[in-house]
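Some notes on the structure that comes next.
The values are calculated or read from the model by the stated rules, or taken from the named source; none is laboratory data. Remember, predicted model here, so these are calculated numbers, not experimental data. All Cβ positions, glycine included, derive from the backbone under ideal geometry; neighbour counts span all protein chains shown. Each accessible area value is taken on the protein alone, full model and side chains, heavy atoms only, with ligands, DNA and RNA left out. Shrake-Rupley method; radii C 1.70, N 1.55, O 1.52, S 1.80 Å.
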Amino acid sequence: MTALTRAIERLLDGLATLAFLTMFALVVAQVVLRYVFNNPLVWSDEIAQYLFVWVAFLGILRASRHRTHIAITAVVDRLPPLAARGLALFWLLAMAIFAVLLGWYGFVIARQNMTVMMTSLPLPYWLVYAIVPVAGSGLLLYAVRDIATLLRPAGAERRQP
């Protein structure tokens, strides 16, 4: 793994943590201000929802990086090794296709929302959608990495990130 890759992954992990903590703080502040002081923030719900979208996509990237997505392996575990590898390759190729589509359409939607403003804040809506092409690109890179690992000859060194 290169230093650039590690730096990008640390940046994404830090961004996910910051987004989650900000979302949590906004929700707590909104509850306190609404029910204790009877003076709610108008914009906090909207920003918390958008931060949730970012946290979800950043979480998808993290799970893909560490290969920790939920998987039901009852059938795969009973397959012969070659069939299991073939099925794994099929799913990785499907993931790569999905990642390309996600990245492309995420870019298109973000671009279409360059001039659309958020409801309660004077911020452009593309900020909400910007994470989608980033997630698509990351998922594609992880799918390619996993395909390369799967297709490596049996005697070759297999390293886990």
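Overview of values
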| quantity | calculated |
| --- | --- |
| Among Phe57, Phe37, Phe107: highest mean-square fluctuation, GNM of the chain, C-alpha pairs under 10 Å | Phe37 |
| Cβ-Cβ FRET estimate between Ala148 and Ile70, R0 fixed at 25 Å, reported to 0.05 | 0.60 |
| Area accessible to solvent at Asp45, 1.4 Å probe radius, in Å² | 70 |
| Positive-end residue, the chain charge dipole about Cα centroid, Cβ charges, pick of Val31, Gly86, Thr119 | Gly86 |
| Cα-based helix-to-principal-axis angle, 81-112 vs the chain, degrees rounded to 10 | 30 |
| Option label - semi-axes √(5λ) of the Cα gyration tensor in Å computed here, alternatives (i) 41, 22, 15; (ii) 67, 34, 13; (iii) 38, 18, 15 | (iii) |
| Rounded to the nearest 20 debye, dipole of the chain from Cβ charges on Lys, Arg, Asp, Glu | 520 |
| FRET efficiency estimate (nearest 0.05) - Cβ-Cβ, Arg85 to Val116, R0 30 angstrom | 0.05 |
